[in-house]
Amino acid sequence: MIDNIGMFFIGVGLAFDVLGCLGLVRLPDVYNRLQSATKCVTLGTCSILFGVFLASGGFTETGVKALITIVFLVLTSPVSAHAISRGAHRSGIRLWEKSVVDSYAEDNEGEA
Amino acid sequence: MIFGRWILGTIVLLVLMGLVIALPFRSVFFENNPTHIGFVGRVVYILILASLMVLFRVTRGPTAADRIVAIDIFGILIVGLCAVLSIATGRSWYIDIGIAWGLQSFIGTLALSKYLEGKSFDD
C-alpha cells in the first residue's frame, strides 16, 4: 500500500520535471526560462525524494537521508536562482521585447 | 510559419514519449529479448528525456546565462536520479552521492553567477 503511494509521488514528480524542462526549451527569454525551470524542477525533485521516503518504508536509513536532501534543496535552490537572475540583469542581458515591466531597473539605477 | 513549428514540435514530443513508454515493453516487439525493465527503468528513461532537453539548451543557448541555468537544472535532475537508483538497488549511499552533487552544483552556480556579474569573488 505505502509502496503504491510512493510510486504515485514519484510519478507526479516526473511529470513536473518533464514539464519544467519543456519550459526550459520552449520559452523565449533567460528570465522566463529561469522561472519555469527552477520552480518546476525543484518541486518535482522534492516530490521524487518524498516518494523515495515513503517507498523505502518510513524512517529507515534511506528515508532519513531523503528528508535531509529535501530540506537542502528547498534551502539552496532559490538562492542560486536569485544569484543567476541578478548576475544576468547586471551583465546587461536584455528582456524579451514583448515584456511589460522591468521593476529592477526602475528601482535602482545600478547601485546596491 | 509558427503553426507548422507547433505541429512539428508536438509530433516530436509525442514520438519521444511513445518511445519512452514503449521501451520497457521491449519483449512485446522483439520476441527473443525477454528483458522486462519495470517501474525504475521507465523512471530512468523519462529522466534521460528531460536531461536531453536540458542538454539542448546547454548547446544552443544564445547567452551565457542560459547555459548556467541549464547546468543548475541538470544538477537537480541528477539528485532525483540518485534517489531513484537508491530505492532500486536498496543501498543508501546513492543518496550521499546526490547530496554531494547538489552541494557542488550550488557552489559552482554561485561562483559562475558572480563571474557573470563581472565583480570579484569577495564582494
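Which count do you get for residues in the range A:84-107 that are within 14 Å of the chain's Cα centre (by Cα) and without any contact (Cβ under 8 Å) to a residue 12 or more places away in the chain?
Taking the range A:84-107 first, the residues within 14 Å of the chain's Cα centre (by Cα) are A:84-85.
From what's left, without any contact (Cβ under 8 Å) to a residue 12 or more places away in the chain: none.
Total satisfying the criteria: 0.
Determine which member of the set A:Ala66, A:Ala37, A:Ala88, A:Ala55 is aliphatic (A, V, I, L, M), surrounded by 15 or more Cβ atoms within 10 Å (Cβ to Cβ), over 20 Å from A:Ala15 (Cα atoms) and modelled with pLDDT of 85 or more.
On the way: A:Ala66 fails: over 20 Å from A:Ala15 (Cα atoms); A:Ala37 fails: over 20 Å from A:Ala15 (Cα atoms); A:Ala55 fails: over 20 Å from A:Ala15 (Cα atoms).
None of the other options fit; the residue is A:Ala88.
Tell me which residues, restricted to the range B:45-67, are free of Cβ contacts under 8 Å to residues at least 12 places away in the same chain and either within 8 Å of chain A (Cβ to nearest Cβ) or under 21 Å from A:Tyr31 (Cβ atoms) (or both).
If the condition is that a residue be free of Cβ contacts under 8 Å to residues at least 12 places away in the same chain and either within 8 Å of chain A (Cβ to nearest Cβ) or under 21 Å from A:Tyr31 (Cβ atoms) (or both), then B:Met53, B:Phe56, B:Thr59, B:Arg60, B:Gly61, B:Pro62, B:Thr63, B:Asp66, B:Arg67 are the ones that fit.
So B:Ile37 passes all but one of these: (1) modelled with pLDDT of 85 or more; (2) touching a helix residue (DSSP H, G or I) at 6+ places or on another chain (Cβ under 6 Å). Which condition number does it fail?
B:Ile37 satisfies every listed condition except (1).
Against the definition (out of contact with any helix residue (DSSP H, G or I) (no Cβ under 7 Å at 6 or more places or on another chain) and more than 7 Å from every other protein chain (Cβ to nearest Cβ)), how does B:Gly75 come out, yes or no?
Values: out of contact with any helix residue (DSSP H, G or I) (no Cβ under 7 Å at 6 or more places or on another chain): no; more than 7 Å from every other protein chain (Cβ to nearest Cβ): yes.
It is false that B:Gly75 is out of contact with any helix residue (DSSP H, G or I) (no Cβ under 7 Å at 6 or more places or on another chain) and more than 7 Å from every other protein chain (Cβ to nearest Cβ).
Considering A:Phe8, A:Phe16, which residue is within 12 Å of the chain's Cα centre (by Cα) and either more than 22 Å from B:Gly61 (Cβ to Cβ) or surrounded by 13 or more Cβ atoms within 10 Å (Cβ to Cβ) (or both)? Can you show your working first?
On the way: A:Phe8 fails: within 12 Å of the chain's Cα centre (by Cα).
That would be A:Phe16, the only listed residue that is within 12 Å of the chain's Cα centre (by Cα) and either more than 22 Å from B:Gly61 (Cβ to Cβ) or surrounded by 13 or more Cβ atoms within 10 Å (Cβ to Cβ) (or both).
Within the range B:96-110, is there a residue that is without any contact (Cβ under 8 Å) to a residue 60 or more places away in the chain, facing chain A (nearest Cβ under 9 Å), surrounded by fewer than 21 Cβ atoms within 10 Å (Cβ to Cβ) and not in a helix (DSSP H, G or I)?
Within the range B:96-110, not a single residue is without any contact (Cβ under 8 Å) to a residue 60 or more places away in the chain, facing chain A (nearest Cβ under 9 Å), surrounded by fewer than 21 Cβ atoms within 10 Å (Cβ to Cβ) and not in a helix (DSSP H, G or I).
Which members of the range B:78-95 meet the condition of being surrounded by fewer than 21 Cβ atoms within 10 Å (Cβ to Cβ) and at the interface with chain A (Cβ under 7 Å from one of its Cβ atoms)?
B:Ser92
The values are calculated or read from the model by the stated rules, or taken from the named source; none is laboratory data. Remember, it's a predicted structure, so these values are computed and weren't measured experimentally. Glycine gets a Cβ as well: all are built from the backbone with ideal geometry, and neighbour counts include every protein chain shown.
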